[in-house]
Amino acid sequence: MDPGNPTIRTRLLAALALVSLLPACALAPLQDTPPVPPLQGQPLFPIENVEPLEMSDGMKDFIRTHLTRREADQDRAWTLTWALLDSNIFDFEYDPHLTLTASEAFHERRGNCLTFSNLFIAMAREAGIRAWYREVEIEPEWNSLDETLLVSLHVNAAASDGYREYVVDVSRRTPREAERHRRISDQEAEAQFYNNLGAQALIANDLPRAHAYFRKANETRPGLAFVWSNLGVAYRRNGQTDDAVLAYETALKLDGRHSVALNNLYT
């Protein structure tokens with residue numbers, strides 16, 4: 001295997017309020033996977049638990065300022081969406097390479113799509129609005145960064161007022177007709193959070209940190225193909241060819257259409 005140009009998969013979210021009533025795809029069941037092999041000859045890098053939806057006092061003050069209990073329930077989801085997306089009010093800057101928690105995003109006012117979805121969902125729930133993560137099936141976007149190919153897939157947020165469903169997408173992309181999506185759990189979104197941080201560590205060639213974040217992602221929500229594919233890249237760069245093959249084959253067992261793992265396995 002040539003470690004010079006691996007492909008890693010990131011889950012980047014990024015917002016224009018759209019309305020979508022498309023049915024969600026069924027959630028994939030958990031599957032048995034092998035233990036995550038250690039990264040040989042490298043120091044252990046402990047990863048503490050992170051709460052992506054943690055609220056700050058500033059976020060609570062923002063909700064009190066821009067939403068009132070006098071508003072009808074069907075207006076609250078729209079009002080929060082408008083407040084967070086209006087550059088004259090919140091001025092959030094889209095940064096595809098920055099993954100933050102909700103409270104960090106509120107302070108920094110920037111981040112990728114997962115970052116913004118963390119922010120929106122945390123604040124919506126604090127305001128008593130039903131909100132959740134959505135994974136959208138789009139054509140993969142390939143980008144080269146420091147001799148590493150990044151494949152960015154798409155996640156956004158949704159909220160319901162009981163009558164309508166609002167999709168909040170900070171990338172401002174226009175959805176295709178009959179575009180497929182599925183609702184994902186907070187647990188899976190948290191795993192994607194750790195996966196993104198692992199991908200950024202791989203770009204910096206920090207293998208111990210990358211491996212630790214991918215391992216944490218797998219512990220948080222086992223059975224995600226893209227996490228195993230990224231683990232394979234870490235093993236490959238560390239000279240652990242057999243473990244890399246195991247990781248890629250596990251990814252393909254979890255998702256037989258996983259083109260990234262297939263590409264990495266045969267290059």
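The values are calculated or read from the model by the stated rules, or taken from the named source; none is laboratory data. As the structure is a prediction and not an experimental result, all values here were calculated from the model. Backbone-built Cβ (ideal geometry, glycine too); neighbour counts: all protein chains shown. Accessible surface is based on the protein model in full, side chains and every heavy atom, while ligands, DNA and RNA are left aside. Shrake-Rupley method; radii C 1.70, N 1.55, O 1.52, S 1.80 Å.
Those helices (runs of 4 or more DSSP H) of segment 30-148 in which at least 1 residues are at pLDDT 95 or above, over 23 Å from the mean Cα position of the chain (by Cα) and of a type outside the set (Ser, Thr, Tyr), considering only elements entirely within it, cover 57-66.
Within segment 218-236, residues that are surrounded by 24 or more Cβ atoms within 10 Å (Cβ to Cβ) reach partners that are among the hydroxyl-bearing types (Ser, Thr, Tyr) and assigned to a loop (DSSP other than H, G, I, E, B) with beta carbons closer than 8 Å, at six or more positions or on different chains, in the pairs Trp228/Thr33. Within segment 252-262, take every residue that is of a type outside the set (Ser, Thr, Tyr) and open to solvent by less than 60 Å² (accessible area, probe 1.4 Å) and give me the one that is nearest to Tyr235 (Cα to Cα). Per the stated criteria, the residue is Ala261. Restricting segment 81-136 to residues that are hydroxyl-bearing (Ser, Thr, Tyr) and closer than 16 Å to Tyr194 by Cβ leaves a set whose member that is surrounded by the fewest Cβ atoms within 10 Å (Cβ to Cβ) is Thr101. Within segment 216-236, the set of residues being of a type in the set (Lys, Arg) and at pLDDT below 95 comprises Arg236 only.
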